[in-house]
Ligand SMILES: NC(=O)c1ccc[n+]([C@@H]2O[C@H](COP(=O)([O-])OP(=O)(O)OC[C@H]3O[C@@H](n4cnc5c(N)ncnc54)[C@H](O)[C@@H]3O)[C@@H](O)[C@H]2O)c1
């Protein structure tokens, strides 16, 4: 088991990619705080996991989430800032409200997570690590996703900046950039046969990804296997960005 004696927080763990990451971390021996803005209907083994409600757009709630993890399990080794929303809309039709909401959740939330987790690790002298969820849209364009793309590009640069700031403390910070993954977020667009075919055709490996594809990358980054890896972005995209 790769995460024995480690304590992790995963935001957006109520479904999709976050749930797959949290479940894999538990299977690998970690104690995990599953967090989400919505209370999920699944049960957790209290010896290994706990649910803490948190809206990542609120910095006080994110601070409280990290505090709750330390109180419950005694320490924090791994912070996965995964919570995010999809946001459709091109540059001409993105409203102020859409722009602000998307930034608050997808970018501010990741900043709040890195700051809170970094401070908790620093205070306890823990050489932990932070994983931020970006996207292929953080580095390549896609029509009709202006606010979303801006947040995911921001996550990449925030990851670089935080990695440099926290490296002297031995804390690693990395990002994952998934391609198109079958989750609630993409359910509606992937249900459209034309869109689905377009994604498959443009993905060199010829398929849409699964949440576990991303969880395996998170496990690598969270574990000591990645002890010399910081400030990097791992693309798990079936080859999308290689074209
Ligand atoms: N699915 C994809 O194709 C894909 C591709 C690239 C990146 N991502 C990113 O992966 C992450 C997870 O997305 P997913 O595909 O699993 O979607 P999902 O909708 O299944 O899961 C997102 C989770 O985040 C939670 N959430 C939403 N707003 C929140 C908030 N304010 N505070 C806390 N939790 C909140 C939701 O309740 C949900 O459980 C997101 O950051 C997303 O942008 C997804």
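The values are calculated or read from the model by the stated rules, or taken from the named source; none is laboratory data. Model, not experiment: these values are computed from the prediction. In this analysis, Cβ positions are derived from the backbone assuming ideal geometry, glycine residues included, and neighbour counts consider all displayed protein chains.
Would it be correct to say that residue 200 is over 22 Å from residue 84 (Cβ atoms) and either surrounded by fewer than 18 Cβ atoms within 10 Å (Cβ to Cβ) or touching a strand residue (DSSP E or B) at 6+ places or on another chain (Cβ under 7 Å) (or both)?
Details: over 22 Å from residue 84 (Cβ atoms): yes; either surrounded by fewer than 18 Cβ atoms within 10 Å (Cβ to Cβ) or touching a strand residue (DSSP E or B) at 6+ places or on another chain (Cβ under 7 Å) (or both): yes.
In short, yes.
With a cut-off of at least 2 residues that are within 15 Å of the ligand (Cβ to nearest atom) and crowded, with 22+ Cβ neighbours inside 10 Å, name the helices (runs of 4 or more DSSP H) lying wholly within the range 1-108.
On the way: elements: 16-27, 59-73, 96-103.
Result: 16-27, 59-73.
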* Asked: Of all the residues that make up the range 156-196, how many are free of Cβ contacts under 8 Å to residues at least 40 places away in the same chain, under 24 Å from residue 13 (Cα atoms) and touching a strand residue (DSSP E or B) at 6+ places or on another chain (Cβ under 9 Å)?
  -> 1
* Any residue in the range 226-240 that is assigned to a helix (DSSP H, G or I), out of contact with any strand residue (DSSP E or B) (no Cβ under 7 Å at 6 or more places or on another chain) and loosely packed, with under 15 Cβ neighbours inside 10 Å? -> no
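Select from the range 211-225 the residues that are free of Cβ contacts under 8 Å to residues at least 60 places away in the same chain and touching a strand residue (DSSP E or B) at 6+ places or on another chain (Cβ under 7 Å) and list them in ascending order.
If we filter the range 211-225 for residues that are free of Cβ contacts under 8 Å to residues at least 60 places away in the same chain, which is where we start, we get 213, 217, 220.
The answer is 213, 217.
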* Tally of residues being in contact with a strand residue (DSSP E or B) (Cβ under 7 Å, 6 or more places away or on another chain) and surrounded by fewer than 24 Cβ atoms within 10 Å (Cβ to Cβ) across the range 119-136 -> 1
* Structure fact -> With criteria (1) within 18 Å of the chain's Cα centre (by Cα); (2) within 12 Å of the ligand (Cβ to nearest atom); (3) crowded, with 19+ Cβ neighbours inside 10 Å, residue 139 comes up short on (3)
* List the number of the failed condition for residue 167; all other conditions in (1) over 23 Å from residue 79 (Cα atoms); (2) not in a loop (DSSP other than H, G, I, E, B) hold. => (1)
* Quick check, is residue 174 more than 12 Å from the ligand (Cβ to nearest atom), modelled with pLDDT of 95 or more and outside any helix (DSSP H, G or I)? -> yes
* Asked: Does the range 29-46 include one or more residues that are touching a residue at least 40 places away in the same chain (Cβ under 8 Å) and within 20 Å of residue 137 (Cβ to Cβ)?
  -> no
* To do: Could you list, in sequence order, all residues of the range 142-154 that are free of Cβ contacts under 8 Å to residues at least 60 places away in the same chain and either in a helix (DSSP H, G or I) or within 11 Å of the ligand (Cβ to nearest atom) (or both)?
  => 142, 145, 146, 149, 150, 152, 153, 154
